[in-house]
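Let me begin by presenting the structure, written as structure tokens, before commenting on it.
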Amino acid sequence: DYVGSVKCPNGEGDCNDTQKLVNPGGAEICGNNLDDDCSGTQNDPGAEGCTLFNLDFDGDGYGSGPNKCLCYGAGQYTAKGSDDCNDANGAIHPNAVEVCGDGIDNDCDGTQNGENSVGCTEWFFDADNDNWGTGQPKCLCEPQGNYDAPAGGDCADGNPGVHPGMVEVCFNGVDDNCTGSENDEGAI
């Protein structure tokens with residue numbers, strides 16, 4: 001270390017006499033292009049203004065495990081979060097697409113086979129268990145709860161005897177087959 005242009009024998013001297021705040025007791029500050037604490041390097045870990053970077057072993061941009069407070073991501077410490085549930089596989093992270101039936105929590109949400117996973121099937125809400133549903137379907141890997149009807153179009157989901165494909169009965173006041181008419185041609 002130097003004081004002015006003279007090397008200090010004990011190595012505890014000021015490394016930059018032109019900067020008042022730069023000295024062995026100075027606080028290192030991120031990004032100011034100075035060795036504020038005269039450590040021999042700029043932007044030391046733990047410097048003022050540092051950001052926590054987590055270990056990202058698989059390089060997918062999502063981290064896990066230990067972190068370091070750094071001015072800039074460095075080495076494998078580049079992820080700003082620790083929400084990667086499998087840091088040994090770059091295809092598994094919080095922004096990955098879930099895949100039906102692969103036995104993996106691809107998107108790290110704590111579940112497998114979530115709604116809209118790759119390979120999902122549309123299932124309709126079916127309250128009367130007649131295999132005909134109503135409303136907007138959900139794309140699921142397998143039926144869940146009342147979302148278990150493979151087809152929609154049920155016009156009376158509280159009556160299992162009324163749904164598309166039923167035989168229309170004349171003059172019963174019910175649209176038995178959900179065509180929009182209570183007395184269809186060919187009805188019994």
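The values are calculated or read from the model by the stated rules, or taken from the named source; none is laboratory data. Worth saying up front: this structure is predicted, and the values here are computed from it rather than measured. Heads up: the accessible areas ignore ligands, DNA and RNA and are worked out on the full protein's heavy atoms, side chains in. Shrake-Rupley method; radii C 1.70, N 1.55, O 1.52, S 1.80 Å.
Express the accessible area of segment 49-103 per residue in Å², computed with a 1.4 Å probe while the remaining protein chains stay in the model. Show your work: numbers first, answer last.
Details: 2920 Å² over 55 residues.
Roughly 53 Å² per residue, with all protein chains present.
Taking amide H positions as placed 1.01 Å from N in the peptide plane, with prolines and chain starts having none, which residues 5 or more places from D148, or on another chain, fall under 5 Å of its amide H?
Residues meeting the criterion, in which the H sits 1.01 Å from N, are F124, D126.
May I ask you to list the aspartates and glutamates whose Cα is less than 13 Å away from that of K138, ignoring any residue fewer than eight positions away on the same chain?
Excluding near neighbours in sequence, the set is E115, E122, D126, D148.
Using all Cα-Cα distances in the chain, what percent lands in each 5 angstrom bin from 0 up to the longest?
Result, from short to long distances: 1, 8, 10, 8, 8, 7, 7, 6, 6, 6, 5, 4, 5, 4, 3, 3, 2, 2, 2, 1, 1, 0, 0 percent.
Can you tell me how much longer the chain between T41 and D109 gets when fully stretched, taken as 0.36 nm per residue apart minus their C-alpha distance, in nm with one decimal?
Working: separation 68, 0.36 × 68 = 24.48 nm, distance 4.04 nm.
Full-extension gain reported as 20.4 nm.
Among all the aspartates and glutamates, which ones have a C-alpha under 15 Å from K80's C-alpha, if same-chain residues fewer than 8 places away are not counted?
D56, D58, D60
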